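**Q** For reference, the structure I am asking about is given below.
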Amino acid sequence: MAKPVKIMETVLRDGHQSLLATRMRIEDMLPQLSALDSIGYKALEAWGGATFDSCLRFLDEDPWERLKTLKKNLKTPIQMLLRGQNLLGYNHYSNDVVEKFVQKASEHGVGVFRIFDALNDVRNLKVAISAALKCPEKPEVQGCLVYTISPVHTNEKFVELALELKEMGCHSVCIKDMSGLLKPYVAEDLIRKLKEGLGEDFPIDLHTHCTSGFGHATYLKAVEAGVDIIDCALAPFSSDTSQPCTETMVAMLEGTERDTKLDRQKMAEISKHFLTVKARIIKEFNLKGYFDVNPSVLDFQIPGGMLSNLANQLKENGMEDRYQDLLDEMPRVRKDVGYPPLVTPSSQIVGTMATFNVMTAPNRYKMVPTEFKDLARGKFGRCPVPVERFFLTDTLKIKESDIIEDCSVEDAKGHSFNDFAEELKGKGFINASEEDVLSYALFPQVAEEFFKKHYSPFTAYKKD
């Protein structure tokens, strides 16, 4: 019996985040929204991830206005990527901030919430998942298995996590392979085990990147094993450190029982537009835009977008020749801190620590950022392997009393939504909307600068 594979299109979010530092504007998207809507995608990923920060910081856009504009022009469900208790920032936020954010995102048009936690700690997912399930708009709630490789990460463990997510009420699960580590035959085995554990009818989505070169082959084996949805990007924003190519996967499955039934010719016209957009963004922001396949990612596991940033840190300190030392140090630091999957924010935290260790070699952990100590002591949740007490107290100089067993207790100490609202009023924005307060909660300095530019002083009403 034919069972078409569904495609979730990433050209409006992860495609340009992976290749062009999230620099695509809403004006670049608008001319093709109608055409994208007509394809028949399962969903269009167009919000969340780094888009919120990038809108405010680099593109002079209000991310909430972008979402409303997208919703006005699309019938296809809009998907967003949400970092659980981190939301879209880099800290944990109090429960009421998480709940308010999810509520507002749903109101403004998010139809699919893809929710993940960097440590796969379900305690960091509960509030966001529960809030999304309560939204009157009835969005799809998709829980994530953040995929990684280590001595303690097995396919059986990922199935156990998927069962927990299903029990929490998720409508589907996504295997989130942010660094392109998932090998084709391992993917086949994982999909079969998930189908056996969750039930044949429970939807499984697979998200990968082509960083290692596995991408398209991994998708093919996953499709053969019964995966329901694959994440792809239209050609100009595909491959390299992005997702496998939409047109390629559609062509690959044509004439099979998993034929997507999508029109590749219609996609070609859309891709022509985005090829022009890509060239303009590369020129405007002086970006590379293209990246080599790097099989060594299987060892250092750094997501593609981070590599250039870490290399630049070494360059600024006159240590360009130590780049390979940095790649060698990453796995050692990751082991020391309990094998966390490397995805925002853990990837940045571990990467920065590894950079400091290379700079101060042979004296490792001579300079330790606060964020690394927070990760090690449990502020962000439970690492896959308990961090050795000696490493915490002797190497990192963390007091026993500062070690956190339950991160939700720490979250409860965070600023409430009302705290952020009052803080914003105290800065003169007395009529700030709830959306403005949420923007400020996530990115205080960046949002404040944006408000000063766009709102009349001391009113928070938009300028004419």
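**Q** What is the local net charge at residue 76, summed over the other residues whose Cβ is closer than 14 Å to its Cβ (Lys, Arg +1; Asp, Glu -1)? Don't skip to the answer; put the middle values down first.
**A** Working: positive: 6, 13, 42, 71, 72, 75, 266; negative: 9, 37, 45, 140.
Summing Lys/Arg as +1 and Asp/Glu as -1 gives +3.
**Q** What distance in nm separates the simple spin-label points at residue 370 and residue 137, each placed 7 Å from Cα in the Cβ direction?
**A** Result: 3.5 nm between the two label points.
**Q** Charges at C-beta only: +1 for Lys and Arg, -1 for Asp and Glu. How large is the resulting dipole of the chain about its Cα centre, in Debye rounded to 20?
**A** Values: 58 positive and 68 negative charges, 100 e Å.
So the magnitude is around 480 debye.
**Q** Same structure, new question: Taking the Cα centre of each part, how many Å lie between the stretch 312-365 and the stretch 132-174?
**A** Comparing the Cα centres of the stretch 312-365 and the stretch 132-174, I get a distance of 29 Å.
**Q** Rounded, prolate or oblate: pick one for the chain, where a ≥ b ≥ c are the square roots of the eigenvalues of its C-alpha gyration tensor, a/c under 1.5 means rounded, and failing that, prolate if a/b is larger than b/c, else oblate.
**A** Numbers: a/c = 1.34, a/b = 1.08, b/c = 1.24.
The shape class here is rounded.
**Q** Once R0 is set to 51 Å, what does the formula 1/(1 + (r/R0)^6) return for the Cβ-Cβ distance between residue 324 and residue 431, expressed as a FRET efficiency to the nearest 0.05? It would help to have the intermediate numbers written out before the result.
**A** Details: r = 54 Å, r/R0 = 1.06.
Taking R0 as 51 Å, the efficiency between residue 324 and residue 431 is 0.40.
**Q** Once you list every other residue whose beta carbon is under 10 Å from the beta carbon of residue 207, what net charge do they have if Lys and Arg are +1 and Asp and Glu are -1?
**A** Details: positive: 114, 176; negative: 14, 45, 177, 205, 231.
Spelling it out: positives minus negatives among the neighbours equals -3.
**Q** What does the charge dipole of the stretch 297-410 about its Cα centre add up to, to the nearest 20 debye, if the Cβ of each Lys and Arg holds +1 and the Cβ of each Asp and Glu holds -1?
**A** Values: 14 positive and 17 negative charges, 23 e Å.
For this selection, approximately 120 debye.
**Q** Which Cα, out of 370, 32, 359, lies furthest along the positive dipole direction of the chain (beta carbon charges, K/R +1, D/E -1)?
**A** Going by the Cα projections, it comes out as 32.
**Q** Compute the distance in nm between two label points, each set 7 Å from the Cα along the Cα-to-Cβ direction, one at residue 293 and one at residue 167.
**A** 4.0
**Q** Roughly how many Å is it from the Cα centre of the stretch 19-40 to that of the stretch 65-108, as a whole number?
**A** Their Cα centres are 18 Å away from one another.
**Q** How many nm is it between the label spots at residue 60 and residue 123, if each spot is 7 Å from the Cα in line with the beta carbon?
**A** Label at residue 60, label at residue 123, 4.5 nm between them.
**Q** I'd like the distance separating the alpha-carbon centroids of the stretch 199-263 and the stretch 419-451, in whole Å.
**A** Distance between centres, Cα-based: 41 Å.
**Q** Please list the helices of the chain that count as membrane-span-like by this rule: a mean Kyte-Doolittle hydropathy of at least -1.0 together with Cα atoms stretching 27 Å or more along the helix axis, each helix being a complete DSSP H run.
**A** Long hydrophobic helices here: 264-285.
**Q** Separate question: First select every other residue whose beta carbon is under 9 angstrom from the beta carbon of residue 147; then total the charges, Lys and Arg +1, Asp and Glu -1.
**A** Surrounding charge for residue 147 is 0.
**Q** Here's another thing I want to ask about it. Could you calculate the contour length gain from residue 399 to residue 268, that is, 0.36 nm times the residue separation minus the distance between their Cα atoms, to one decimal place in nm? Intermediate values should be presented prior to the final figure.
**A** Numbers: separation 131, 0.36 × 131 = 47.16 nm, distance 5.87 nm.
Stretched fully, the residue 399-residue 268 segment lengthens by 41.3 nm.
**Q** With point charges of +1 on the Cβ of Lys and Arg and -1 on the Cβ of Asp and Glu, referenced to the Cα centre of the chain, which listed residue (5, 59, 395) lies farthest in the positive direction of the dipole?
**A** With unit charges placed on the Cβ atoms, the residue in question is 59.
**Q** Work from the charge dipole of the chain (Cβ charges, +1 for Lys and Arg, -1 for Asp and Glu, about the Cα centre) and give the residue of 198, 87, 148 farthest towards its positive end.
**A** Farthest towards the positive end: 87.
**Q** Next up: Express in nm, to one decimal, how much length is gained between residue 416 and residue 449 on full extension, taking 0.36 nm for each residue of separation and deducting their alpha carbon distance. Working shown, then result.
**A** On the way: separation 33, 0.36 × 33 = 11.88 nm, distance 2.17 nm.
Working it through step by step, the gained length comes to 9.7 nm.
Throughout, read-outs are computed from the coordinates displayed, never taken from laboratory work. Here the structure is a predicted model, which is why all the values come from computation and not from measurement. Positions of Cβ are generated from backbone atoms using ideal geometry, with glycine treated the same way; all protein chains shown enter the neighbour counts.
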